[in-house]
Every structure is written in structure tokens, then in C-alpha cells.
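So the structure is just underneath, and the comments pick up after that.
The values are calculated or read from the model by the stated rules, or taken from the named source; none is laboratory data. Remember, it's a predicted structure, so these values are computed and weren't measured experimentally. Every residue, glycine as well, gets a Cβ built from its backbone with ideal geometry; the counts of neighbours run over all protein chains shown. These area figures cover heavy atoms from the full protein model, side chains too; ligands, DNA and RNA do not enter into them. Shrake-Rupley method; radii C 1.70, N 1.55, O 1.52, S 1.80 Å.
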Amino acid sequence: FAHGDVHERIHALSQQMESNGPTAEEYLERAGLYRLHEDFNHALVDLEQAAVMNPDLPGLDRIRGTLLYEAGRFQQALAVLDRFLRDHPDDADDLLTRARVHAQLGQGAAARTDYDRAIAHLDPPSPDCFLERADCLLTISSGSVDEALQGLDEGIRILGPIPALQDRAIELECSRRGYAAALKRLQTLLRQSPASP
């Protein structure tokens, strides 16, 4: 939704809530709209109202963890996601969010573990999962370029010849002066590209 559309929907829902009396589900819905509007403070306030009205509302901790991450409140997000994942240890989306939280907190080993688990449970994982994990290995983990390349190659095996993954692998090969390997990857990429008219 465009920001104007979201604003209109927030206004309409707020009027409905004022007229009829709000429900927990409406607070949750409006929290989602505020999130789309990137108004994280109002989203979190509405989420807490929903939780007060119905603490058993499905998905509260999942949404709260994502909102806290997007709001840049990484320690709070980690606590909420840890709690949610204790009961849902294979939830791929929340594993991915927690991996990103760990990365923001500089917790490389924990981030890598969660990226690995998220990738194993996503069907299929997105190319971004592999790119993020590679960047995590290179910047905040003790991992090497070799490990980052292995992770990108895993993505290529699972997803096929995705240019974004191959481009990043070529960059990494060049960064360590592995020009022969980079050229080989480039030739593979060119062979897989559609012929120009």
C-alpha cells in the first residue's frame, strides 16, 4: 500500500474503533497498518493494547519481535523472539528476524546459526538470506571468505543461477585475488544469461 492509502485506512479504522469500541483484533490490525506506515511507536502502543485485551491473541510475540527489530530496539526484540522461538523452534521467518537482530548486536556466531536454521526451514529461501549470511560471516563473525563463498554456492545449488549470488561470489573471489576462480564464475554466469538479440 502507498503511504497515503495506509494513512486513510488507519483513519477509517480509528473512526470505527471510536464508534463501536475497539477490539483486540482491531488494535492488532491497526498496529500492522502503523508498521506499514513505519510509525513503529504507535504500532507498539496498539500491540500492547491488543495484548492487554487478549493476551492469548495468536501471533502477538511474533509481531512484537518484528516490530521491535524494525524500530531498532534490538535487545528488546531479541528477548521477545527468544521467548517465541522457545515454543516454535522451527519458525523460519522468526529465525531469520532473530538472525538479523543478532547481526545488528554483533553476535556473529548466533546470527550464523539462526541464518543456517532459517535457510534449512524456508521453502525456498530467498537469495537475500544467502547474501545476508555471507555479509554476516565477513563482517562480524570469525568466518572467512571461503565460508562466505561456500554459503553463496549453497544458495546457487538450491536456487539455481541467481545473478545476485553469482555477482557477490565473483566480488569475493576478486577481493582475495582469486582472479582465475572469478573468471570461471563469470564465464558460467555469461553462459547462463539469455543471448542478446
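The number of residues in region 33-55 being loosely packed, with under 15 Cβ neighbours inside 10 Å, closer than 16 Å to Val6 by Cβ and acidic (Asp, Glu) comes to 1.
What about Arg191, is it modelled with pLDDT under 90 and open to solvent by 70 Å² or more (accessible area, probe 1.4 Å)? In short, yes.
For the subset of region 118-163 comprising residues that are small (Gly, Ala, Ser) and surrounded by 19 or more Cβ atoms within 10 Å (Cβ to Cβ), which member is nearest to Ser175 (Cα to Cα)?
Ala148
Can Ile158 be described as part of a helix (DSSP H, G or I), β-branched (Val, Ile, Thr) and in contact with a Pro (Cβ under 8 Å, 6 or more places away or on another chain)? When the stated conditions are applied, Ile158 passes them. Apart from one condition, Gln76 fits all of (1) closer than 26 Å to Asp135 by Cβ; (2) in contact (Cβ under 8 Å) with a residue 12 or more places away in the chain; the exception is (2).
One line per residue, one yes/no per condition, for (1) open to solvent by less than 30 Å² (accessible area, probe 1.4 Å); (2) closer than 26 Å to Asp94 by Cα; (3) under 20 Å from the mean Cα position of the chain (by Cα):
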position: Gly21; (1), (2), (3): no, no, no
position: Ala24; (1), (2), (3): yes, yes, no
position: Ala31; (1), (2), (3): yes, yes, yes
position: Leu57; (1), (2), (3): yes, yes, no
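Would you point out the residue of region 76-103, among those that are among the small types (Gly, Ala, Ser) and surrounded by fewer than 23 Cβ atoms within 10 Å (Cβ to Cβ), that is farthest from His121 (Cα to Cα)?
Ala79
For region 117-138, the criterion of being outside any helix (DSSP H, G or I) and over 21 Å from the mean Cα position of the chain (by Cα) is satisfied by no residue at all.
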